[in-house]
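The next block holds one structure in the form of structure tokens; read it before the comments.
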Amino acid sequence: MKWKGIRHRAEYIAFRLVVCLLQILTPNQSARLARGLAVVLTDWLPRRLTRYDVARENLQAAFPGQLSEADVRRMIRAMWTHLFRMVAEIVQLPRRLQLNRVHEVIRFRNHGLVVRALCSGRPVILLSGHFGNWEMAVAVFGLFGFPMGVVARELDNPHLNRWFRRFRQSTGHVMLAKKGGYDDMLALIGRKGHLAMTRTLAAVACLLISSVGLPRHSNRSRCWHWNTEPSFASVTRTDCRMIRSIRASLGSNSVAKR
């Protein structure tokens, strides 16, 4: 236990040093740094350390026979570039994301539909894929005066977990634990509050919708049924345990069947 505490503190100190570096960089400098780090991970480090082969297999499965090795390498490098740029944006977000200059930072598409849903007086569940900067997308809703319960997995490192909790709650949101937060999710929905979660939790969202009797659009890109195979995302063992727990707590009658 003592060694784990030392490791957690060392990880947090390293993380805060990176945060300090990113805070003094301009967005253009951060973008150049992200591209450089992506080259290091893609072309310099041993592939077993960066899980390059796993990424290549996933891309080849998603685009069978369509990608050359050069295409795969370019897409993996772009993936790392995006990840590092997103981290930099998260660190720089608090000082850049202000209501009077939000139009300089984001482009809000389909805002009419979203605002009407959030102002309807009914609970809304916002689903987001790990695409783009999903952290910024959620933060913006709090800035606009639409606080939500943000469902996320707690990090193993308690120091890092506190940092990300403060960041996610800085615009008025409330953090809800992915593991053990089922009652809190149901309570928030029951109070006509709003939830935000990633698409890997879409099955949980469907359960919550079913449990409170809300109408549901059942096309497969938005909602899972219990006897259909996942068609757009992977589910981890933890997700499956959570889904089973919620299903048991709500009762099998509340789950829609195909």
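The values are calculated or read from the model by the stated rules, or taken from the named source; none is laboratory data. The model shown is predicted, which means the values in this text are computed figures rather than measured ones. Using ideal geometry, Cβ is built from the backbone for each residue, glycine included, and neighbour counts are taken over all protein chains shown.
Here are some notes:
- Here is the figure for the stretch 99-135: residues that are part of a helix (DSSP H, G or I) and more than 10 Å from the chain's Cα centre (by Cα) total 14.
- For V91: the one exception among (1) surrounded by 11 or more Cβ atoms within 10 Å (Cβ to Cβ); (2) in a loop (DSSP other than H, G, I, E, B): (2)
- Every listed requirement among (1) surrounded by 18 or more Cβ atoms within 10 Å (Cβ to Cβ); (2) under 30 Å from G5 (Cα atoms); (3) of a type outside the set (A, V, I, L, M) is met by F141 save one, (2).
- Entry remark, the stretch 66-86: residues being within 25 Å of R166 (Cα to Cα) and surrounded by fewer than 19 Cβ atoms within 10 Å (Cβ to Cβ) number 3 in total.
Residues are listed down the side, and each one gets a yes or a no for (1) polar (S, T, N, Q); (2) within 29 Å of L37 (Cβ to Cβ); (3) touching an Asp or Glu at 6+ places or on another chain (Cβ under 7 Å); (4) surrounded by fewer than 16 Cβ atoms within 10 Å (Cβ to Cβ):
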| residue | (1), (2), (3), (4) |
| --- | --- |
| R109 | no, no, no, yes |
| S120 | yes, no, no, yes |
| V124 | no, no, no, no |
| G132 | no, yes, no, yes |
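- Spans of helices (runs of 4 or more DSSP H) in the stretch 12-79 with at least 2 residues free of Cβ contacts under 8 Å to residues at least 12 places away in the same chain, within 30 Å of L93 (Cα to Cα) and out of contact with any helix residue (DSSP H, G or I) (no Cβ under 9 Å at 6 or more places or on another chain): 27-39
- None of F167, F141 is among the hydrophobic types (A, V, I, L, M, F, W, C) and either closer than 23 Å to P123 by Cβ or in contact with a strand residue (DSSP E or B) (Cβ under 9 Å, 6 or more places away or on another chain) (or both) except F141.
- Residue match in the stretch 178-194 (condition: surrounded by 15 or more Cβ atoms within 10 Å (Cβ to Cβ), modelled with pLDDT under 90 and in contact with a Pro (Cβ under 9 Å, 6 or more places away or on another chain)): yes
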